[in-house]
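Every number here is computed from the coordinates shown, using simple stated rules; none is lab data. Remember, it's a predicted structure, so these values are computed and weren't measured experimentally. No Cβ is skipped: glycine too gets one built from the backbone with ideal geometry, and neighbour counts run over all protein chains shown.
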2 protein chains.
Amino acid sequence: MLSVREHVLTPTATLAVDVVVFTLRPDTVERAWQVLLVPRPDPWSISRRALPGVLVDEDETFDEAARRALLVKTGIDARDWYLEQLATFGSPTRDSRGRVASISHIALIQSDNIKIHPVETDSPAEWCPVTAIPWSDLAFDHAAILREAINRVRGKVRYAWVLFQLLPPIFTMSDLRAAYAAIRDPSVLNMSTSNVRKLFRRLIDDQALVAVGKRAEARGRGRPGDLFRFDGPLTGTWDRELPW
Amino acid sequence: MLSVREHVLTPTATLAVDVVVFTLRPDTVERAWQVLLVPRPDPWSISRRALPGVLVDEDETFDEAARRALLVKTGIDARDWYLEQLATFGSPTRDSRGRVASISHIALIQSDNIKIHPVETDSPAEWCPVTAIPWSDLAFDHAAILREAINRVRGKVRYAWVLFQLLPPIFTMSDLRAAYAAIRDPSVLNMSTSNVRKLFRRLIDDQALVAVGKRAEARGRGRPGDLFRFDGPLTGTWDRELPW
DNA sequence: ACAAAAGTGTTTCTCATACACCCATGT
DNA sequence: ACATGGGTGTATGAGAAACACTTTTGT
């Protein structure tokens with residue numbers, strides 16, 4: 001790796017972090033899964049939206065920088081959110097102002113937890129359904145970052161417990177199913193409730209899913225579902241990949 | 001992300017790439033899966049082994065830098081090898097000479113394809129079984145990189161076609177099984193040949209696995225296996241995760 | 001009363017594992 | 001001849017999907 005002769009290295013690049021913040025919001029199945037985009041009011045720039053991001057400070061880890069980016073751009077304390085490194089984008093030509101490597105991250109949050117009130121800019125960040133992303137309107141290579149982030153989450157939802165990162169602390173089986181439908185495949189909504197429950201039975205047996213013992217409040221028609229609480233490690237995985 | 005006022009950015013970091021090169025070599029199941037390590041002959045450095053890596057040139061992509069690292073450290077043209085970005089390690093304290101971000105990569109190769117004759121250094125790189133890695137003897141945070149690389153490949157082998165990257169162009173079912181055993185779980189060697197074939201039946205039906213029509217040459221005792229050729233996209237995935 | 005959503009139980013079918021048997025090679 | 005490894009076929013069992021039926025809500 002590094003040539004060991006030199007005792008000091010002359011910096012040649014700038015480090016940045018960009019964060020793809022995902023959430024689930026009450027909306028149609030197609031629009032429920034949403035991502036946080038920051039408007040760029042600069043009149044001279046062609047692209048008018050970007051992912052929240054900052055330059056990495058001298059003595060800052062990437063994780064710290066990513067959480068600071070969210071604090072600065074949305075005004076919310078991101079200390080406890082799930083955050084994972086996605087990939088690093090650093091094509092020599094991606095930024096005209098010099099070589100910038102963007103260490104992109106994925107954050108998963110419960111939308112209840114956010115009230116967006118930006119600190120640094122006057123234009124607040126906005127939620128955007130992943131099915132309605134203005135691809136051609138994104139700054140830098142943020143379209144590529146976003147595409148990879150979406151693929152990563154879509155893949156991970158089948159074997160890791162990402163759903164529980166996005167759902168509120170208490171939820172019903174329908175919520176769980178709807179979350180999966182929004183991210184991965186709406187056709188699971190056709191599945192019978194019976195079969196859905198059977199798939200989560202092992203989680204219940206393992207005490208990872210705990211029945212709260214109460215019913216949800218009625219939401220329009222139909223019988224309200226039983227409430228559950230997730231009580232497992234949020235970074236855990238399913239025994240086997242979900243069959244859907 | 002970047003503050004758009006500035007028109008030039010002052011570099012604050014150095015970019016490096018490190019590559020975890022995996023291969024399969026003829027050895028016991030426990031030792032078949034191996035990784036490439038570069039000796040560091042410097043007498044004053046405590047750690048005496050490292051991953052192959054270089055500093056990223058000004059007008060170079062990470063992919064290009066990674067392949068160059070292999071060329072320089074092992075003397076082999078890595079143009080066609082499978083290469084994937086793993087993660088970026090850039091703790092502010094990882095290198096005493098300044099802030100260095102290492103964009104680590106994973107490379108998968110067929111060991112037949114390599115003759116190691118290093119260009120830059122006089123000490124040639126060496127293969128090391130992943131079960132016998134000198135963890136405490138690795139430079140920088142290369143132990144952490146290696147750990148993540150191993151986990152990534154171990155996980156990916158169940159749903160992606162990484163095995164076919166590591167196997168020679170023509171192979172038998174036993175080779176396939178042995179490859180999986182070396183990376184993931186030796187207990188598959190106890191499985192009956194019948195069941196192994198059934199798991200690959202879908203691949204054969206889909207023309208991704210093609211029977212060459214010949215037998216392998218005898219290797220010691222027992223009937224030699226039928227030969228197969230892989231004829232699918234190397235970046236493809238299994239329909240469902242392998243059950244093992 | 002009825003439609004809509006949720007919960008329970010049973011049936012069916014797919015597929016992974018287990019097992020029994022045949023084939024080809026080296027000693 | 002026989003031990004060893006590879007190939008073919010069938011049986012068994014777990015689990016996913018399909019289906020029938022009951023329970024709870026709003027209109």
- When you look at the Cβ of every residue in B:52-64, what mean number of other chain Cβ atoms sits within 10 Å? 3
- Averaged over B:156-165, number of beta-carbon atoms from partner chains that fall within 10 Å: 1
- Query: Do you know the Lys pair count in chain B for C-alpha distances under 29 Å, with sequence separation 8 or more or different chains?
  - Reply: 6
- Message: For a quick check of your reading of the filter: which GluC sites (Glu not before Pro) in segment A:18-61 sit in a DSSP loop and have no more than 11 other Cβ atoms within 10 Å?
- Response: A:GLU58
- Note: the protein assembly as shown, point scatterers on Cα, Debye, no solvent; log10 I/I(0) at q = 0.06, 0.07 Å⁻¹ equals -0.33, -0.45
- Task: Per residue of segment A:139-151, in order, report the coupling 6.51 cos²θ - 1.76 cosθ + 1.60 (Karplus, θ = phi - 60°) as ³J(HN,Hα) in whole Hz, putting x for Gly and Pro.
- Result: 6, 6, 9, 5, 5, 5, 4, 4, 4, 5, 4, 4, 4
- Interchain or sequence-distant (5+) residues whose placed amide H lies within less than 5 Å of the amide H of B:GLY225 are B:ALA216
- Task: May I ask you to order A:175-185, A:213-223 by the average number of other C-beta atoms within 10 Å around their residues, highest value first?
- Result: A:175-185, A:213-223
- List, largest first, the extents of the alpha carbons of chain B along their principal axes, each in whole Å. 64, 46, 29
